[in-house]
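Read the structure below first, then the notes.
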Amino acid sequence: MNVGRKTVDGFKAFKYYIAIKLHFTKDSFDVFKNRGSVKGTREAFNARNDRYVFEKLARKFPVDKELIQYYVANFAYGNENMVYATEEAETYLIEWNKRKQSITKIFADDCNKILMDAYKRKLKEDSILNFTCNQYPSILNLYLGKQIGIETLRILDDFENLLGAWKEHSSMLLLWENEIRKVEKINGFVKYDKEKVLNVYNQFKQEIKEL
């Protein structure tokens, strides 16, 4: 989304919400390609019974980038009700911002968790990253079990192109389509120092090859 440092009102808060929601829930909508453009008029917004919740969010997050991050954090972490459950939503935003500031360490820590799980279960590289004998990759199980973060899965996909292969398995689309979509859709929102992260990734790859 191409946004500057602008003042948010209720109508804009509502349109940002719709744009981010579409981005995370519809394969056909990309908020970066669409530049956040969604249909809707101020008159229609003013007729909504829930417009006050967006006006309240606009007062709390008067700068558009801050509000967008609030929405993104909550969709990424699975709280689609953030416009109403604001206390929980703010906790997710704090976690999102904290993880963004320490993304290299978060990635390194998660890679260590993946390796520890592999050592414990006597897994090889293929079982960690790919479907084998109809078994889910261990990193997918760790993510679904909330033992590693969505950011780590996003970064690993940048290097390994995992999601494309995973989606070829019917069980993925049947059971975990929404989760996989979320990992795909945070591309562009997860920023990291590629040189630092690449060093961590290369060490991780070397270690799993030696399992």
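The values are calculated or read from the model by the stated rules, or taken from the named source; none is laboratory data. All values derive from a computational prediction rather than experimental measurement. Neighbour counts run over all protein chains shown; Cβ positions are idealised from the backbone, glycine included.
Listing for the model above:
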item: Of all residues making up region 29-42, the number that are without any contact (Cβ under 8 Å) to a residue 40 or more places away in the chain and either of a type in the set (Lys, Arg) or more than 15 Å from Lys12 (Cβ to Cβ) (or both); result: 7
item: Qualifying residue in region 131-145 (condition: in the same structural domain as Glu179 (by TED's automatic domain parsing) and more than 19 Å from Leu175 (Cα to Cα)); result: no
item: Within region 1-82, helices (runs of 4 or more DSSP H) holding 3 or more residues that are buried (at least 18 other Cβ atoms within 10 Å of the Cβ); result: 10-25, 51-60, 64-76
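Rundown of residues vs (1) at pLDDT below 95; (2) aromatic (Phe, Trp, Tyr), yes/no style:
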| site | (1), (2) |
| --- | --- |
| Thr41 | yes, no |
| Phe54 | no, yes |
| Tyr71 | no, yes |
| Asn81 | yes, no |
| Leu93 | no, no |
| Lys98 | no, no |
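The rows are residues; the columns are (1) within 30 Å of Leu144 (Cβ to Cβ); (2) assigned by TED's automatic domain parsing to the domain that holds Ile180; (3) touching a residue at least 24 places away in the same chain (Cβ under 8 Å).
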site: Lys21; (1), (2), (3): yes, no, yes
site: Asp64; (1), (2), (3): no, no, yes
site: Tyr70; (1), (2), (3): yes, no, no
site: Val83; (1), (2), (3): yes, no, yes
site: Thr91; (1), (2), (3): yes, no, no
site: Ile106; (1), (2), (3): yes, yes, yes
site: Asp110; (1), (2), (3): yes, yes, yes
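Results for (1) surrounded by fewer than 14 Cβ atoms within 10 Å (Cβ to Cβ); (2) within 17 Å of Ile114 (Cβ to Cβ), shown as yes or no for each residue.
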position	(1), (2)
Arg154	no, yes
Ala165	no, no
Lys191	yes, no
Glu210	yes, yes
